[in-house]
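In what follows, a single structure is set out as structure tokens and then discussed.
The values are calculated or read from the model by the stated rules, or taken from the named source; none is laboratory data. Keep in mind that what you see is a predicted model, and the values were worked out from it rather than measured. Positions of Cβ are backbone-derived with ideal geometry, glycine not excepted, and every protein chain shown enters the neighbour counts. In case anyone asks, the SASA skips ligands and DNA or RNA and just uses the protein heavy atoms, side chains included. Shrake-Rupley method; radii C 1.70, N 1.55, O 1.52, S 1.80 Å.
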Amino acid sequence: MGLHKKFWVFLFVGILLMAVTGCNASGDSDAGKDKDLKVALLLPETGTSARYESQDKPNFEKTVKKLNPDVEVIYQNAQGDSQAQQKQAESAITDGAQVLVLDPQDSKAAATIVRKAHEADVKVISYDRLILNAKVDYYISFDNEKVGELQGKYLADNTKKGGKVIMINGAQTDNNALLYRKGAHNILDPLFKDGTLENGYESYTPDWSADHALRESEQALTKLNNQVDGVLAANDSNAGAAIKALKAQGLAGKVPVTGQDATDDGLRNIVLGYQSMSVYKDVKKEATAAAKLAVTLVEGKKPPKGLVNGKTNNKMTDVPSILLDPIAVTKENMADTVIQGGYTTWDKVCTGEAANKCPKH
């Protein structure tokens, strides 16, 4: 073959190789761009707390969109049904979610969801409530034992010596409820033991049902012949039920009652003097942290330094955790906490009977 012909052969082969390489590079690039980024936010219910629809969902979605507009959020709420939540999780996995942000309706049953997610190479963030007995990737919540300690301390400081306390705890299927109870007992048990206070009645509240909490409160009052000097209610819904029972006996406003979640109803009861305190958990911070972590994971990156600040044992493993601080809210600091922080407004709290008892705003 002449020199001239060899030149053209080599040139042709070179162009062909460049074309093939270019196609492959372009294909790889397009594949990366075309990959759908999906995160599923799976929340437990709306029956006992309005926060999930009014706070968690919008704050999570807003932060995800701000961090990466290309990430799609698949949202589902189980409406108190753990089996429905499992189906929702399976559907999200089938739809291509690479990360599940899961607030379990049932902390134990949700272990099945974690196993199925990991089989599909999907990461799981246990949100607000800890999923037990599973290799959860991350956990985001408040220091829930401290929540109970804040409630217990308020009763310890504001219940007369020798007084009888009733404890209306949360749902046993919610691991957070167990932690709230543990925290409360950390404070109250020494006082029960030395006779400073008396544990007159204690119960759990299946599904956090206000109706059940009302029945338990009524039974407690009957058992103790209305000799009740303090009520540890695990959340504002339970507190509202206890207040209803106390009202029927002319005791509302005469004994301290705790709560949690800083709901508008709970804050309104505080303004009216029926409830003494609630525990404020800044859901915006929690949802924002969850969104930051979810976007980081779906992008295939590691969490930013400082975001993960602890570990939490879930009876199988020590789960890398983001733990936030809860705050006790009373009538005295309401303006400086939930109002100033934008969690709610005086207009939402100061309705009905409370309208004339709120500070001017």
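Observations on the structure shown:
- Positions within the stretch 268-301 being among the charged types (D, E, K, R) and in contact with a helix residue (DSSP H, G or I) (Cβ under 7 Å, 6 or more places away or on another chain), in sequence order: Arg268, Lys284, Lys292
- Residue count for the stretch 299-314, restricted to those that are open to solvent by 10 Å² or more (accessible area, probe 1.4 Å) and touching a residue at least 40 places away in the same chain (Cβ under 8 Å): 4.
Yes or no, residue by residue, for (1) of a type in the set (Gly, Ala, Ser); (2) without any contact (Cβ under 8 Å) to a residue 24 or more places away in the chain; (3) closer than 27 Å to Asp325 by Cβ:
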position: Pro69; (1), (2), (3): no, yes, no
position: Glu72; (1), (2), (3): no, no, no
position: Val99; (1), (2), (3): no, no, yes
position: Pro104; (1), (2), (3): no, no, yes
position: Ser107; (1), (2), (3): yes, no, yes
position: Thr112; (1), (2), (3): no, no, no
position: Asp121; (1), (2), (3): no, yes, no
position: Ile131; (1), (2), (3): no, no, yes
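- Some residue of the stretch 162-172 being assigned to a loop (DSSP other than H, G, I, E, B), among the small types (Gly, Ala, Ser) and under 15 Å from the mean Cα position of the chain (by Cα): yes
- Checked against (1) within 19 Å of Asp128 (Cα to Cα); (2) touching a helix residue (DSSP H, G or I) at 6+ places or on another chain (Cβ under 7 Å), Val71 passes all but condition (1).
- The numbered conditions (1) surrounded by fewer than 18 Cβ atoms within 10 Å (Cβ to Cβ); (2) out of contact with any Asp or Glu (no Cβ under 7 Å at 6 or more places or on another chain); (3) not polar (S, T, N, Q) are all true for Phe192 except (2).
- Residue in the stretch 133-151 that is without any contact (Cβ under 8 Å) to a residue 24 or more places away in the chain and in contact with a Leu (Cβ under 9 Å, 6 or more places away or on another chain) present: no
- Scope the stretch 241-263; condition part of a helix (DSSP H, G or I) and surrounded by 20 or more Cβ atoms within 10 Å (Cβ to Cβ); matching residues: Ala241, Ala242, Ile243, Ala245, Leu246
- Some residue of the stretch 319-329 being of a type in the set (Val, Ile, Thr) and out of contact with any strand residue (DSSP E or B) (no Cβ under 7 Å at 6 or more places or on another chain): no
- Test: Ala120 is over 23 Å from Val231 (Cα atoms), of a type in the set (Gly, Ala, Ser) and surrounded by 24 or more Cβ atoms within 10 Å (Cβ to Cβ): no
- Qualifying residue in the stretch 319-337 (condition: modelled with pLDDT of 95 or more, open to solvent by 30 Å² or more (accessible area, probe 1.4 Å), of a type in the set (Ser, Thr, Tyr) and within 21 Å of the chain's Cα centre (by Cα)): no
- For first residues located in the stretch 333-361 and closer than 15 Å to Tyr274 by Cα and touching a residue at least 60 places away in the same chain (Cβ under 8 Å), partners that are acidic (Asp, Glu) and surrounded by 17 or more Cβ atoms within 10 Å (Cβ to Cβ) and lie 6+ apart or on another chain with Cβ distances below 8 Å form the pairs Val349/Asp264.
- Criterion applied to Thr258, Thr296 was being under 22 Å from Asn199 (Cβ atoms) and out of contact with any Gly (no Cβ under 7 Å at 6 or more places or on another chain), and the one residue passing it is Thr258.
- Screening Glu286 on (1) of a type in the set (D, E, K, R); (2) in contact with an Asp or Glu (Cβ under 9 Å, 6 or more places away or on another chain); (3) within 20 Å of Tyr180 (Cα to Cα); (4) open to solvent by 20 Å² or more (accessible area, probe 1.4 Å) shows it passes everything except condition (4).
- Residues that are in a helix (DSSP H, G or I) and either aromatic (Phe, Trp, Tyr) or open to solvent by 30 Å² or more (accessible area, probe 1.4 Å) (or both) within the stretch 338-361 comprise Ile339, Trp346, Asp347, Lys348, Gly352, Glu353, listed in sequence order.
- From the options Gln76, Gln88, Gln83, residue that is out of contact with any strand residue (DSSP E or B) (no Cβ under 6 Å at 6 or more places or on another chain), open to solvent by 10 Å² or more (accessible area, probe 1.4 Å) and over 19 Å from Thr296 (Cβ atoms): Gln83
- Look at the stretch 232-259: where a residue is free of Cβ contacts under 8 Å to residues at least 40 places away in the same chain and on the phi > 0 side of the Ramachandran plot and a partner is buried (at least 19 other Cβ atoms within 10 Å of the Cβ) and outside any helix (DSSP H, G or I), sitting 6+ places away or on another chain with Cβ atoms under 7 Å, you get Gly253/Tyr274.
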